[in-house]
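Here is the structure we will look at.
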Amino acid sequence: MFSKKNNDALVDSLLARVDALEQEVEHLKNDEAAQKKRMTALELRLQTLESACADRKDVEPATVQSEPQTANRKAVESLTAHNEISELYLPAPSPDGVFEEASASKQVGKSIYLLKTKDLENGTFSILEDKDSIATAMISVSQFIKPVCRIEGDTHRYPQRVITLEEGVVRKEGNSWHLVAKAKLLFEDR
């Protein structure tokens, strides 16, 4: 039969193989997460470009569907050439002032900031001043506002209005928008 020495060797071999498989699974999970993040960013970019194309009368929908890469490039070049401003909606930033995602349409309960950009690489942002966006932002001022804004006024009371005094500045790095300069907000009680 099997000796204790053979059993120990077999167990060690199986444990080494389990460890290798666990490492491979962890690697695959990381790859999957990275691919999902990239797909989300590409979907956002496509949505932004489709939105831009819909506003342009000289870009035909058939062109967009049959030649997506060429049409997308033309739409971006067209926006840049005509200095048209694209608007994107931003949710809460990360603690270090990075907007990990953006949307071409406002999402109630999620969108807090409005980003304006001419070249899809650099932009300015301001807080959305509607009640839904302010309510979302006020859930956690320290988490949703302070990483990207300086605040004037009383932060301990719920403001009647929040006004952007100075727009913040962001720059696109990879698929995220990174803070360059904080916005300046006024919390008004009356």
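The values are calculated or read from the model by the stated rules, or taken from the named source; none is laboratory data. Note that the structure is a prediction, hence the values are computed from the model and not measured. FYI the Cβ positions are ideal-geometry reconstructions off the backbone, even for glycines, and counts take in every protein chain you see. Quick note on the areas: whole protein, heavy atoms, side chains included, nothing else; ligands and nucleic acids left out. Shrake-Rupley method; radii C 1.70, N 1.55, O 1.52, S 1.80 Å.
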State the percentage of accessible surface on the range 122-190 attributable to carbon and sulfur atoms; use a 1.4 Å probe and exclude ligands, DNA and RNA.
45 percent
Under 5 Å between amide H atoms, partner at least 5 residues away or on a different chain: which partners does Val180 have, H built in plane at 1.01 Å?
Val169, Val170, Arg171
Equivalent ellipsoid semi-axes, the range 113-184, via Cα gyration tensor eigenvalues times 5, rooted, Å:
23, 12, 11
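Excluding Ala16 itself, what net charge comes from residues whose Cβ is under 14 Å from its Cβ, given Lys and Arg +1 and Asp and Glu -1?
-4
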Expected field for Ile139, accessible surface area in Å² at 1.4 Å probe radius, rounded to 10, holds 130 Å²
Report ³J(HN,Hα) in whole Hz for each residue of the range 131-148, in order, from the Karplus equation J = 6.51 cos²θ - 1.76 cosθ + 1.60 where θ = phi - 60°; Gly and Pro get x.
4, 5, 5, 5, 4, 5, 4, 6, 4, 8, 4, 5, 8, 9, 10, 4, x, 10
Residue by residue through the range 88-104, what is 3J(HN,Hα) from phi via Karplus (6.51 cos²θ - 1.76 cosθ + 1.60, θ = phi - 60°)? Round to whole Hz and write x for glycine and proline.
10, 9, 10, x, 4, x, 6, x, 9, x, 10, 8, 6, 9, 8, 9, 6
Modelled label-to-label distance, Glu173 and Glu26, 7 Å Cα→beta-carbon offset: nm?
2.7 nm
One finds the C-alpha centres of the range 126-155 and the range 13-38 to be spaced, in Å, by 39 Å
When ligands, DNA and RNA are left out and all protein chains stay put, how many square angstrom of accessible area per residue does the range 119-183 have with a 1.4 Å probe?
55 Å²
